[in-house]
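Visitor: Here it is, the structure in full.
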DNA sequence: AGGGTGTCCTGGAGGC
DNA sequence: TGCCTCCAGGACACCC
């Protein structure tokens, strides 16, 4: 399940292989992912155009392509990209192929649950976000995401803190796993109302979420079930998870059994003793 | 308007 | 073994 560190890992692995490459042909092997996939539209727009960069914003990959249109890719739950030789046999759930250069190499997208996205968006001006992503809040590593910002943004809000930090318009890229893990490290219960957080809590939360995301990136992303980096290597960050997926197991700090609850339809894990 | 729920999807786990 | 049900998750539409 790709969250920010996984998407960052994919971006870093893929970019050197596709920057500067020409798109020879785009093929779809499924009528739709989250949206309809129309081969003609993509080929008319991108055939023989050069990929100038692959960047990450939030959990999106953006294929920057010469011209006025770009491609937005989201890995959903189970999406992955890999680079293969053109004659390599297609895997069961491979839905997209970008033949590069003279067609000798292909970038393939595999997604068993088809929760991913692949769509054409308008290119952005300068360093701005493309319009399709204008709703996104700051990245966790940007200076704008700090305790002052989080404290101000959360006043008079009544949502549980867990749901608040998972809102990409507040701060992007913190999914279910890292939300639980950040709160554990910050010593904050996921049930706390965000508006009741003190400034010191905001400071701890910003700091801990950064530390955890950074170490996950350095570890090459979390592999729980589905995630694989494009070179086939597995991330190993799951070995460092303190609470996620550890229902009824002993807290590493205090031995209290980890609790699992449901918030906004998503499972949260926390230590009822360490997190207040 | 803010907060919560339902929907999309399918593989895997667990129950009987 | 085989069938059934449930669950996982991000983004977004929708409801109260």
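Laboratory data are not the source of any read-out in this text; all were calculated from the coordinates shown. Because the structure is predicted, anything quoted here is derived from the model rather than measured. Positions of Cβ are generated from backbone atoms using ideal geometry, with glycine treated the same way; all protein chains shown enter the neighbour counts.
Visitor: Is the shape of the stretch A:4-133 rounded, prolate or oblate, going by the alpha carbon gyration tensor and its root eigenvalues a ≥ b ≥ c, with a/c under 1.5 for rounded and a/b larger than b/c for prolate?
Guide: rounded
Visitor: Need the C-alpha centroid separation for the stretch A:243-276 versus the stretch A:187-218, integer Å.
Guide: Taking the Cα centre of the stretch A:187-218 as reference, the centre of the stretch A:243-276 is 16 Å away.
Visitor: At 7 Å along Cα-to-Cβ for each site, give me the label-to-label distance between residue A:86 and residue A:102 in nm.
Guide: With each label point 7 Å from Cα toward Cβ, the separation is 0.9 nm.
Visitor: Mind giving me the nanometre distance, one decimal, between the label points for residue A:30 and residue A:68, set 7 Å out from Cα along Cα→Cβ?
Guide: With each label placed 7 Å out from Cα toward Cβ, I get 3.1 nm.
Visitor: Follow-up. As a test of the formula, what do you get for chain A when each DSSP H run with n ≥ 4 contributes -39,500 (n - 2.57) and the sum is divided by the residue count, at 222 nm and rounded to the nearest 500 deg cm²/dmol?
Guide: Dividing the helical sum by the residues of chain A leaves -7500 deg cm²/dmol.
Visitor: Once you have the Cα-Cα distance between residue A:53 and residue A:207, take 0.36 nm times their residue separation minus that, and quote the gain in nm to one decimal.
Guide: My answer for the length gained is 52.4 nm.
Visitor: How much of the pair distance distribution for chain A lies past 33 Å, counting alpha-carbon pairs only, in percent?
Guide: 27
Visitor: How many angstrom lie between the Cα centre of the stretch A:1-67 and the Cα centre of the stretch A:94-157?
Guide: 11
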